[in-house]
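Asks: Let me begin by handing over the structure; questions about it come next.
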Amino acid sequence: MNAVSQAAAGAGVFDGQSIQVRELGDGLVELCFDARDGAINKFDKRTVDELKQAVAAIAGHAGVRGVLMSSGKDGFIVGADITEFGALFSLPPSELAAANMESNKAFIALEALPVPVVVAINGFALGGGLEAALAADFRVMSTAAQAGLPEVKLGLFPGFGGTVRLPRIAGMKVAIEWITSGKPSKAEAAKEVGVADAIAEPAKLREQAIDLLKAAAAGTGWRTRREARLQPVAEAGLAELFATSKTAITGRSPRHQPAALAAVELLEQAAPYGRDAALQLEADAFARIAKTQAASSLVQIFLNDQFVKKASKTNARGARPIRNATVLGAGIMGGGIAYTSASRGIPVRMKDIRQEQLDLGSSEAGKLVGKQVSIGRLRQEQADAVLKAIGAQLDYAGVDTTDVVVEAVVENLKIKHAVLSEVEALVRPDAVIASNTSSLRIDDLAVPLARPENFVGMHFFNPVPVMPLVEVIRGARTSDAAVATIVSYALALGKTPIVVKDGPGFLVNRILTPYMQGFGQLIAHGADFEKVDEALESFGWPMGPAYLNDVVGMDTGVHVAQIICAGFPDRLRRTWKDPLGVMVENRRFGQKNGVGFYRYETDPKGKPRKLASPESYELLRSIQEGGPKAFSPQEMIERMMLPMIIESARCLEEGVVASAPELDMAMLLGVGFPQYLGGPLKYADWLGLKHVVALSERYGSLGPQYLVTPRMREMASASDTYY
C-alpha cells in the first residue's frame, strides 16, 4: 500500500476484492481502490459493483462526516476494463444503454452521500477513473498525476457520466477539448481549468486531501457545489461554441471516426437538462457509438496491441545481450538504422565500401538528430552523445566485438551473399547477423553461411526512425536464440517486432502485392488512376495506390512485385499489361526523379508537391485495350481490398504469422491500413465471411487472387470469425 492510502489503520466498513473502506477517525472514512489481483486499478464490472456496495456501506455507517477516496496503487484508476467491451458491446443498443445506466448508479450513489467526498489523485486518473473523481466534491491532484478522458481514441466517448459532470465542473469549452482530444492533462493544467481544486507534492497529497476533507465537513459549501452539478449547464455563448467546435472537429477528425463529433453533439443535446436526464442521453448515445465500425475496430486494435506486446516479450526470451551493433551499408537506410540504434543507447558502427555512402549515412543521422534538437526532444549535449555513438568506416575494424550485425546493402542476392559471407568470417561465433532485405528469402540468403542458425531477417520499413514495425523473419535453420536476440534488439530500438516465417515478401509486402495487382488490373481495364486514388483515400488509406507507388519508387515496386509474384506463379500471375512497368520503361520512377503517375515540384519547404500529369494518361492508354472506363468507387475499393483480405487469410492459414492480432497490427503499422477497419482480418469479420465469399464469386473471373480459400468457405458456412 502506498503513501496515499493508509486505510488499514482503522476499523473495516467494507472489504472487497477491488475496494476497501476503513475508518480514519473523527468521523472520516477512506474508500480505497486497491485491486488485490492486479498491479493497477480499473473499472471492471466487479469494481463498479463493489463501488455500489461500498457507498451503501458508508451510507449505513453511523457517524460518518466525510469520505476520502484514494488509491492503493501507484496510479489512481486507469479506466474501464477493455477486455469486457466485447460482451458488453454485443448487447442490443437498448440493453447496452440500460447496462450503462445501471453502472452509473454507483456514481450517482457516491454523489448522493450526505457528507462531502474528497478524492486524492496520486497518478493516472483516466476514463472511468476521472469520471469517478468528477462525482466527488473536491479533487486534490499530486503534481505527478495526470487526468484525462481518452475514450475517443477507442472510437468512443465517456459513458460513466463524464460528458455530464465535466462541463458542469470545468465549463463546456474545457469539456469539449478534453473529451474530443482524448489527451491527458497534468495537475497544474487541471487546476487551471477547475478539474482539480488543489495540487500537492506526492508526499503531501494525503495530508492535504484530509485537511480539505476536514474543512469541507465543518462547513456547508460542498452542498452548494454538488447542487450545481445536478443542474443544466448555465453558460452564455453555447450555440456559437458548439457551432465552431463542430466545424473544427469535422476538419481534424480521422476519416470514418465519428466519436469526437458525436460527443460534441451529445454535449449540445444534454446541456439544457439536469444530471439524470443528461445521463440517460449519454447512455443512449454511448450505445449508438459503441456499435460503430470505428469503435469495434479501435477497441480491437487496443487489445491487439496488448497481445503483440506480450508476444514480443515471449519471443525475446533467451536473447543474447546486445551491447553494440554494426550496420553494413550506409546511405539513407543505414544512417536511419544507425541513428535509431544510437539514440536508444546502443552504439553502432556503419561500414560501407564507398566513402560517399558513409558521408550520406552520417549526414542522415545528423539531420535526424538535429531535428530532435530543433523540436526540443533532445538537448545539444544529448545530441552530441548520439552522434558520438555512431562510427563510420570503410573497413571491418572492431566488428569482432559486435553483438548484432544488420546487413542493409543493395537488394541483390550475389552482393548480399558476398557481404554476409565476409562478415560472418570476422564476427564472434555467437554474434547474430540480420538482413534488412525486403524481398529476398532468408533461406536463399543463408546458403553460403557456415552458421545459418545465427542468421535472421530484420526488415525495417521506411523511413526507419518513423515507422514502428520490424518484421523478424525466421529461416528454416534460424535458431530460437537468434530470433529472440533480434526481437530484443527491435524492442530496444522502440520498434514493434512481429515474427514471421520466411517466404516471398514475408508478410506485409506479400499481402500488399495482390492489393497492388488489383490496382494494376483496374488501370489496364480502363480506370482513371486519380479516381482510384480518390476512392481509396476516401475509404481511409493515407494515400492512394498510384501516389503510394510514386512515393516508394516505381522501380522498387516493380522489382519487389516480380520477386513475390514469382514465388506464387499459379496465383499471382499477371494476365494484363502492367501500368507500373510502362512507367518504369519510360523512366517515370515517381518522386525520386520528379515524374511518375503524377509529376512533382518542390514547394517552399523543400517537400515534393503532387501535380496532375497528362503525360501519364497518354502512356497508360497504350495498355488499356478497351479504352478508358468509369468504375464506381465501391467497385474500385472491392477490387483492391478483396485480394488483400484473401491473401491475409492465406498467410494466417499457412502459419506465416502466428495470430490474427499480429497480422492485423503488422498491416496497420507497416502500410497504414485504415485504423477504423482494424486490419484485414478484423475488416473481414466486420463484412462477414459470407459477404467476402459472395464478393469472391462476383469477381472470381478476374483471376485466382480473387478466389477465397476452402477454409474461408468453411468459416463462412459456420459463421466463424477471426476474432
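The values are calculated or read from the model by the stated rules, or taken from the named source; none is laboratory data. Because the structure is predicted, anything quoted here is derived from the model rather than measured. Note that we place each Cβ from the backbone using ideal geometry, even for glycine, and neighbour counts take in every protein chain shown.
Asks: Among the residues of the stretch 268-285, is there at least one that is hydrophobic (A, V, I, L, M, F, W, C) and more than 23 Å from Val195 (Cα to Cα)?
Replies: Here is the first cut: in the stretch 268-285, the ones hydrophobic (A, V, I, L, M, F, W, C) are 270-271, 277-279, 281, 283, 285.
Checking the rest, the ones that are also more than 23 Å from Val195 (Cα to Cα) come to 285.
Within the stretch 268-285 (the criterion being hydrophobic (A, V, I, L, M, F, W, C) and more than 23 Å from Val195 (Cα to Cα)), the answer is yes, since at least one residue qualifies.
Asks: Here's another thing I want to ask about it. Would you check if Leu469 is buried (at least 17 other Cβ atoms within 10 Å of the Cβ), over 20 Å from Val308 (Cα atoms) and touching a Ser or Thr at 6+ places or on another chain (Cβ under 9 Å)?
Replies: Details: buried (at least 17 other Cβ atoms within 10 Å of the Cβ): yes; over 20 Å from Val308 (Cα atoms): no; touching a Ser or Thr at 6+ places or on another chain (Cβ under 9 Å): yes.
Taking the combined requirement at face value, the residue does not satisfy it.
Asks: I'd like the residue in the stretch 137-151 that is touching a residue at least 40 places away in the same chain (Cβ under 8 Å) and buried (at least 24 other Cβ atoms within 10 Å of the Cβ) and, out of all such residues, is farthest from Gly219 (Cα to Cα).
Replies: Start the filter on the stretch 137-151 by keeping residues that are touching a residue at least 40 places away in the same chain (Cβ under 8 Å), which leaves 137-147, 150-151.
Imposing the further condition that a residue be buried (at least 24 other Cβ atoms within 10 Å of the Cβ) reduces the set to 137, 139-142, 145, 147, 151.
Values: Asp137: 13, Arg139: 17, Val140: 18, Met141: 22, Ser142: 24, Ala145: 28, Ala147: 28, Glu151: 36 Å.
In this case the residue turns out to be Glu151.
Asks: Considering each of Ala418, Ala481 in turn, give the residue that is without any contact (Cβ under 8 Å) to a residue 12 or more places away in the chain, assigned to a helix (DSSP H, G or I) and surrounded by fewer than 23 Cβ atoms within 10 Å (Cβ to Cβ).
Replies: None of the other options fit; the residue is Ala418.
Asks: I need the full set of residues from the stretch 590-609 which are crowded, with 18+ Cβ neighbours inside 10 Å and of a type outside the set (A, V, I, L, M), in order please.
Replies: Residues of the stretch 590-609 crowded, with 18+ Cβ neighbours inside 10 Å: 590-591, 595-600.
Selection gives Gly590, Gln591, Gly596, Phe597, Tyr598, Arg599, Tyr600.
Asks: If the Cβ limit is 8 Å and pairs must be 6+ apart or interchain, which residue in the stretch 82-99 that is farther than 12 Å from Lys291 by Cα pairs with which residue that is outside any helix (DSSP H, G or I)?
Replies: The qualifying pairs are Glu84/Asp44; Ala99/Leu91.
Asks: Restricting to the stretch 437-466, count the residues that are surrounded by 24 or more Cβ atoms within 10 Å (Cβ to Cβ), under 24 Å from the mean Cα position of the chain (by Cα) and assigned to a loop (DSSP other than H, G, I, E, B).
Replies: Final tally of qualifying residues: 1.
Asks: Could you grab me the full set of residues in the stretch 595-629 that are among the small types (Gly, Ala, Ser) and without any contact (Cβ under 8 Å) to a residue 60 or more places away in the chain? Full working, then the answer.
Replies: Of all residues in the stretch 595-629, those among the small types (Gly, Ala, Ser) come to 596, 606, 612-613, 616, 622, 626-627.
Matches in the stretch 595-629: Gly596, Gly606, Ser613, Ser622.
Asks: Are there any pairs with C-beta distances below 8 angstrom linking a residue in the stretch 378-399 that is outside the structural domain of Ile322 (by TED's automatic domain parsing) to a residue that is part of a helix (DSSP H, G or I) and not acidic (Asp, Glu), with the two at least 6 apart or on different chains, and if so which?
Replies: From the stretch 378-399, no pairs qualify.
Asks: Among the strands (runs of 3 or more DSSP E) lying completely within the stretch 72-155, list those that include at least 2 residues that are more than 22 Å from the chain's Cα centre (by Cα), closer than 30 Å to Thr224 by Cα and of a type outside the set (Phe, Trp, Tyr). Please lay out each step first, then the result.
Replies: Numbers: elements: 117-121, 124-126, 138-142, 146-148.
Ranges flagged: 117-121, 138-142.
Asks: Do we find that Leu113 is of a type in the set (A, V, I, L, M) and within 16 Å of Glu131 (Cβ to Cβ) in this structure? Give the steps one after another, and end with the answer.
Replies: Working: of a type in the set (A, V, I, L, M): yes; within 16 Å of Glu131 (Cβ to Cβ): no.
Judged against the criteria, Leu113 is not a match.
Asks: Any residue at all in the stretch 267-281 that's over 30 Å from Pro114 (Cβ atoms) and surrounded by fewer than 21 Cβ atoms within 10 Å (Cβ to Cβ)?
Replies: Yes; the residues of the stretch 267-281 include at least one that is over 30 Å from Pro114 (Cβ atoms) and surrounded by fewer than 21 Cβ atoms within 10 Å (Cβ to Cβ).
Asks: Next question, about the same structure. Kindly list, by first and then second residue, each pair from a residue in the stretch 209-222 that is more than 11 Å from Arg65 (Cα to Cα) to a residue that is of a type in the set (Ser, Thr, Tyr) and surrounded by 20 or more Cβ atoms within 10 Å (Cβ to Cβ), limited to pairs with Cβ atoms under 9 Å and residues at least 6 apart or on different chains.
Replies: Listed pairs, sorted by first residue: Ala209/Ser70.
Asks: Being under 18 Å from Asp664 (Cβ atoms), touching a residue at least 12 places away in the same chain (Cβ under 8 Å) and in contact with a helix residue (DSSP H, G or I) (Cβ under 7 Å, 6 or more places away or on another chain), is that true of even one residue in the stretch 323-343?
Replies: Start the filter on the stretch 323-343 by keeping residues that are under 18 Å from Asp664 (Cβ atoms), which leaves none.
No, there is no match, as no residue in the stretch 323-343 is under 18 Å from Asp664 (Cβ atoms), touching a residue at least 12 places away in the same chain (Cβ under 8 Å) and in contact with a helix residue (DSSP H, G or I) (Cβ under 7 Å, 6 or more places away or on another chain).
Asks: Of all the strands (runs of 3 or more DSSP E) wholly in the stretch 304-408, which have at least 1 residues that are surrounded by 23 or more Cβ atoms within 10 Å (Cβ to Cβ) and among the basic types (Lys, Arg)? Can you show your working first?
Replies: Working: elements: 325-328, 348-351, 390-393, 404-407.
Qualifying strands (runs of 3 or more DSSP E): 348-351.
Asks: Against the definition (farther than 28 Å from Ile301 by Cβ, of a type in the set (Ser, Thr, Tyr) and crowded, with 18+ Cβ neighbours inside 10 Å), how does Ser103 come out, yes or no?
Replies: Spelling it out, it is not the case that Ser103 is farther than 28 Å from Ile301 by Cβ, of a type in the set (Ser, Thr, Tyr) and crowded, with 18+ Cβ neighbours inside 10 Å.
Asks: Oh, and also: Looking at this structure, is Asp570 closer than 23 Å to Leu512 by Cα, of a type in the set (Asp, Glu) and in a loop (DSSP other than H, G, I, E, B)? Working first, answer last.
Replies: Working: closer than 23 Å to Leu512 by Cα: yes; of a type in the set (Asp, Glu): yes; in a loop (DSSP other than H, G, I, E, B): yes.
Considered against the rule, which asks whether it is closer than 23 Å to Leu512 by Cα, of a type in the set (Asp, Glu) and in a loop (DSSP other than H, G, I, E, B), Asp570 comes out as yes.
Asks: Only residues in the stretch 23-36 that are farther than 11 Å from Ala217 by Cβ count as the first member; pair them with residues that are part of a strand (DSSP E or B) and hydroxyl-bearing (Ser, Thr, Tyr), Cβ under 9 angstrom, at least 6 apart or cross-chain, and list the lot.
Replies: Glu30/Ser70; Leu31/Ser70; Cys32/Ser70; Cys32/Ser71; Phe33/Ser70; Phe33/Ser71; Asp34/Ser70; Asp34/Ser71
Asks: Same structure again: From Asp74, Asp34, which residue is surrounded by fewer than 19 Cβ atoms within 10 Å (Cβ to Cβ), farther than 19 Å from Leu156 by Cα and of a type outside the set (Val, Ile, Thr)?
Replies: Values: Asp34 fails: surrounded by fewer than 19 Cβ atoms within 10 Å (Cβ to Cβ).
Answer to the selection: Asp74.
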